[in-house]
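Have a look at the structure below before the remarks.
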Amino acid sequence: MNAKTADRIATATIIGVASLIVLILAGLLGFILFRGVSHISFDFLTSVPQTIKAGGGIGPQLFNSLFLLLLTLIITIPLGLGAGIYMSEYAKPGRLTDSIRLVVEVLSSFPSIVVGLFGLLVIVNLFGFGFSLFSGALALTVFNLPLMVRITEQSLKGVPREQKEASLALGLSRWKTITSVMLPIATPTIVTGTILAAGRVFGEAAALLFTAGMSSPRLDFSNWNPLSPTSPLNPFRPAETLAVHIWKINSEGLAPDAAEIAAGASAVLVITVLLFNFSARWFGRYLHRRFTATK
Amino acid sequence: MHQEGLSAKNLRVFYGEKEAIKGVSLDFAPREVTALIGPSGCGKSTFLRSLNRMNDTIDGVRTTGEIWMDGENINDPGVDVVLLRQKIGMVWQRPNPFHKSIYENIAFGPRYHGVRNKKELDAIVEDCLRKAALWDETKDRLHQSALALSGGQQQRLCIARSIAVKPKVILMDEPASALDPVSTAKVEELISELKQEYSIVIVTHNMHQAARVSDKTAFFYMGKVVEYDVTDKIFTNPSEKATDDYISGRFG
């Protein structure tokens, strides 16, 4: 076999594998959307679920998912930024830094069900936070924080060395250099990475079964006092998220239209994650233009 | 040790175990341009970067010896590097303006060092851009991105930025090697202008440039200074054979 034939076979194989992946992905996406989209309506997105009657919605679950994501980001963004800046700019290479990096990577690849059980034993029971949004947010932090640290560290490492040196050479402190010169350049990457990581948090179910719980109390959406138990904003109430709801309704749903609701909810979940992805790209590019003042 | 200007005494720089600068002593007089020449890897850039302790930011680099400026050994661990770097400006091989507007590139340093008044800042920006012969080209678009400027303009902006914090010395690491001939000529002209106020240390690979712009020239080879003298002498009648071989193009 001569080199040309070998090259052709290799090219054909690679194209074949690539198209197979695209096909599988498109099929999967198409199937979920095809089954679910017809069920999505404004009423479906806003009304409360029904236990035994048909016609229930996913309103509280959708709200819970978004609110839980927000709580998780409130916890992980400051911690992740701080740790990422430390790892990139302050930590001297050595055994300590290497072991921190190892821990961070191990943490991010932890099986989520194990994190859920850990959350049940420690956060829910030992610390007594109960099944609550707060417990769920802490469990999700376990996955999200390592990603945030890595995103921040790598985006700061990606800032051209000369930019940093130019600032230091003007007699600016290291902190000022980081905040005024490096972070503006790194921010688009950090934001994009954060939104992409948020997609994973949004779809997480296993870690939340035992931490945020599988039920929502009756929520009063006109009550915005975060301390009231019926307020949607109360972080210490149990909260069933969209992904958990799909799992529950599929395994033990009693409503006659349970299958349609699961399909509709799955479509909503997938569409939301897709929206995250697209908005991440768009927003990243927008910030890049803003911060670098390029047209 | 009372002397104006900057002087290095027995400076040694190590990358891990490897000694890159092997005991260099050089004096840089105020209002003079000193060129550092030598083959690639001879340590001239490393030496330049140790003068404002920029090598501190690289892990595994150790510097011994003394660098005197204003009666102070700035290589002392107790010295405030941040303050020191304000007095010693730097310009890099590739133009590296901040990803900010032209105005901000200049105003950024002075504002950090305490100039808050808008009028004063405006004056500094104009003054620095004029000194860098960039004012006429940029006065109508001060608030546009510095990245939209041409390479040569960016490099002059970087020089303007470095003088905005009123340094005494400006270190230049091959400031024109990434530029076209016209921009190079402008930068060289600028260097001759600036030496009326600052002492300038310039690393260059371009022998003609060294001959054109500098008052004194130091020839580096293998981490040591082989010869340091008035530029004319180095280029017409060097004392060392190695210098002669290098400037006449027999190696390097």
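The values are calculated or read from the model by the stated rules, or taken from the named source; none is laboratory data. Quick caveat, the model's predicted, so the values are computed rather than measured. All Cβ positions, even for glycine, are placed from backbone atoms using ideal geometry, and neighbour counts span all protein chains on display. For the accessible areas, the whole protein counts, side chains as well, though only heavy atoms, and no ligand, DNA or RNA atoms are used. Shrake-Rupley method; radii C 1.70, N 1.55, O 1.52, S 1.80 Å.
If a residue has to be outside any helix (DSSP H, G or I) and touching a residue at least 12 places away in the same chain (Cβ under 8 Å) to count, how many in the stretch A:241-295 make the cut?
Number satisfying all stated conditions: 5.
Yes or no, residue by residue, for (1) closer than 30 Å to A:G253 by Cα; (2) over 14 Å from the mean Cα position of the chain (by Cα); (3) assigned to a loop (DSSP other than H, G, I, E, B):
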| residue | (1), (2), (3) |
| --- | --- |
| A:Q163 | no, yes, no |
| A:S167 | no, yes, no |
| A:K176 | no, yes, no |
| A:M182 | no, yes, no |
| A:I190 | no, no, no |
| A:L196 | no, no, no |
| A:R200 | yes, no, no |
| A:T211 | yes, yes, yes |
| A:M214 | yes, yes, yes |
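Within the stretch B:169-192, does at least one residue satisfy the condition of being among the β-branched types (V, I, T) and not in a helix (DSSP H, G or I)?
yes
Just give me the residues in the stretch B:207-238 being assigned to a loop (DSSP other than H, G, I, E, B) and over 15 Å from the mean Cα position of the chain (by Cα), in sequence order.
Answer for the stretch B:207-238, where residues must be assigned to a loop (DSSP other than H, G, I, E, B) and over 15 Å from the mean Cα position of the chain (by Cα): B:M222, B:G223, B:N237, B:P238.
Might you let me know whether the stretch B:220-237 holds any residue that is touching a His at 6+ places or on another chain (Cβ under 9 Å) and farther than 19 Å from B:E32 by Cβ?
no
Only residues that are open to solvent by 70 Å² or more (accessible area, probe 1.4 Å) and farther than 18 Å from B:K166 by Cβ: list them for the stretch B:127-147, please.
The answer is B:D136, B:K139, B:D140, B:H143, B:Q144.
How do the pairs read when you match residues in the stretch B:110-123 that are within 14 Å of chain A (Cβ to nearest Cβ) with residues anywhere that are open to solvent by 70 Å² or more (accessible area, probe 1.4 Å), using Cβ under 9 Å and keeping only pairs 6 or more apart or on different chains?
Here the result reads B:P110/B:E120; B:P110/B:K166; B:H113/B:K166, each pair linking the stretch B:110-123 to a residue that is open to solvent by 70 Å² or more (accessible area, probe 1.4 Å).
Taking A:I100, is it touching a residue at least 40 places away in the same chain (Cβ under 8 Å) and under 30 Å from A:K157 (Cβ atoms)?
no
Filter the stretch A:113-151 down to the residues that are at pLDDT below 85, open to solvent by 30 Å² or more (accessible area, probe 1.4 Å) and of a type outside the set (A, V, I, L, M, F, W, C) and list them by number.
A:N125, A:G128
Quick check, is B:S183 of a type in the set (G, A, S), at pLDDT below 90 and within 21 Å of B:R130 (Cβ to Cβ)?
Yes, satisfied.
Could you pull out the residue among B:I37, B:I74 that is away from every other protein chain (no Cβ under 13 Å) and hydrophobic (A, V, I, L, M, F, W, C)?
Answer to the selection: B:I37.
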